[in-house]
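The values are calculated or read from the model by the stated rules, or taken from the named source; none is laboratory data. From a predicted model like this one, the values you see are computed outputs, not experimental measurements. With ideal geometry, Cβ positions are generated from the backbone for all residues, glycine too; neighbour counts draw on all protein chains shown. Surface areas here come from the heavy atoms of the whole protein model, side chains and all, with no ligands, DNA or RNA. Shrake-Rupley method; radii C 1.70, N 1.55, O 1.52, S 1.80 Å.
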Amino acid sequence: MLHELVLAAQSQPEAAGFILRGIKLIFVAIGSIIAAIVCAAVAAMKGRSALGWGILGLFFSILTLIVVIIIPSKKSTQS
């Protein structure tokens, strides 16, 4: 099947662009999911809403990760 796609891409350059856009979309989606999981984990460790920060991380991956790392923890440091 991949061989057929490569042959189609050679005869139709717009097909190659379509394939590359699809691959790019897959990588962006995987990166967003990973960022969402990391944001949720960091937020949970800091006593913040894991679900809320995870959803934000899904849409604004790197920016949300930076913010959730910078914000102070809600958990008290005293036992």
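Points to keep in mind about this one:
- Taken over the stretch 46-75, the residue count meeting the criterion of being assigned to a helix (DSSP H, G or I) and free of Cβ contacts under 8 Å to residues at least 12 places away in the same chain is 7.
- From the list A8, A40, the one residue that fits, being at pLDDT 95 or above and either open to solvent by 50 Å² or more (accessible area, probe 1.4 Å) or assigned to a helix (DSSP H, G or I) (or both), is A40.
- Qualifying residue in the stretch 20-27 (condition: surrounded by 11 or more Cβ atoms within 10 Å (Cβ to Cβ) and at pLDDT below 75): no
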